[in-house]
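One structure below.
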Amino acid sequence: MIKKYLIFGLVALGLILVLLYQYKKYRIAPKQDIVNMVCNDTLGKSVSISSFKGRKIILTFFGTWCKDCLREMKQLDEAMKNNLKDVQVIAISDEPMEKITYFAQRKKYNYTFLQLPKPFANIDIYAIPVTYLINVKGKVVYSKVGAINWKDPAVISFTEESFK
């Protein structure tokens, strides 16, 4: 009888650990040294995120194929035009540069588009979009996995407060 309870307990513990791992992997933005990350711009030059220090930055990891990313980027573009005029948006994809450039030309968002020269999984990103708010001091003040509703006034207010 005790053996059955022990086996059940171990199986339950194992399941809990797997679920926690999955939650962390797909729902918590990785703690990366985002500010010192080096990417490629659309001209193929290396660009460090730290070179944007002194600006309010919304950095998003996205895919040109990702519906949540596309919806979020459209809303964020509108928010930039209306409320977040002093914010620099950096959009990073791990796709080939040709796809990123074509996407950027087609969408005409006022973003800085960059390419991560390695797969997102190499920096522990397994779900997109992933968004980071970086203040003028170059410090990450907020991060989120999943789409953000940039139409929500509370989100705009929170974003503005986060940059202070």
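Identify all residues within the stretch 120-139 that are open to solvent by less than 20 Å² (accessible area, probe 1.4 Å), within 12 Å of the chain's Cα centre (by Cα) and not β-branched (Val, Ile, Thr); write none if there are none.
Scanning the stretch 120-139 gives Phe120, Pro129, Tyr132, Leu133.
Report, by residue number, each residue of the stretch 87-106 that is farther than 19 Å from Phe163 by Cα, open to solvent by 20 Å² or more (accessible area, probe 1.4 Å) and in contact with a helix residue (DSSP H, G or I) (Cβ under 7 Å, 6 or more places away or on another chain).
If the condition is that a residue be farther than 19 Å from Phe163 by Cα, open to solvent by 20 Å² or more (accessible area, probe 1.4 Å) and in contact with a helix residue (DSSP H, G or I) (Cβ under 7 Å, 6 or more places away or on another chain), then Asp94 is the only one that fits.
Quick check: is even one residue across the stretch 82-100 part of a helix (DSSP H, G or I), among the basic types (Lys, Arg) and modelled with pLDDT of 90 or more? Even if it seems obvious, please write down each step before you answer.
We begin by selecting, within the stretch 82-100, every residue part of a helix (DSSP H, G or I); these are 82, 97-100.
Keeping just the survivors that are among the basic types (Lys, Arg) gives 99.
With the extra rule that they be modelled with pLDDT of 90 or more, the set shrinks to 99.
Yes, there is a match, as at least one residue in the stretch 82-100 is part of a helix (DSSP H, G or I), among the basic types (Lys, Arg) and modelled with pLDDT of 90 or more.
For Tyr142, all conditions in the list (1) assigned to a loop (DSSP other than H, G, I, E, B); (2) open to solvent by 10 Å² or more (accessible area, probe 1.4 Å) hold save one; what is the number of the exception?
(1)
Among what's in the stretch 145-163 and is among the polar types (S, T, N, Q) and within 15 Å of Val89 (Cβ to Cβ), pick the residue that is least open to solvent (accessible area, probe 1.4 Å). Give the derivation first.
First, the residues of the stretch 145-163 that are among the polar types (S, T, N, Q): 149, 157, 159, 162.
Subsequent filtering for residues that are within 15 Å of Val89 (Cβ to Cβ) retains 159, 162.
On the way: Thr159: 2, Ser162: 19 Å².
Per the stated criteria, the residue is Thr159.
I need the full set of residues from the stretch 44-73 which are free of Cβ contacts under 8 Å to residues at least 12 places away in the same chain, in a helix (DSSP H, G or I) and among the small types (Gly, Ala, Ser), in order please.
Matches in the stretch 44-73: Ser51 only.
Would you be able to tell me the number of residues in the stretch 74-86 that are without any contact (Cβ under 8 Å) to a residue 40 or more places away in the chain and open to solvent by less than 50 Å² (accessible area, probe 1.4 Å)?
Filtering the stretch 74-86 for residues without any contact (Cβ under 8 Å) to a residue 40 or more places away in the chain gives 74, 77, 80-82, 85-86.
Within this subset, residues satisfying the condition of being open to solvent by less than 50 Å² (accessible area, probe 1.4 Å) are 77, 80.
The number of residues fulfilling the criteria is 2.
The values are calculated or read from the model by the stated rules, or taken from the named source; none is laboratory data. Since we're looking at a predicted model, the values are computed, not measured. We place every Cβ from the backbone using ideal geometry, glycine too, and count neighbours over all the protein chains shown. Surface accessibility is based on the protein's heavy atoms, side chains included, excluding ligands, DNA and RNA. Shrake-Rupley method; radii C 1.70, N 1.55, O 1.52, S 1.80 Å.
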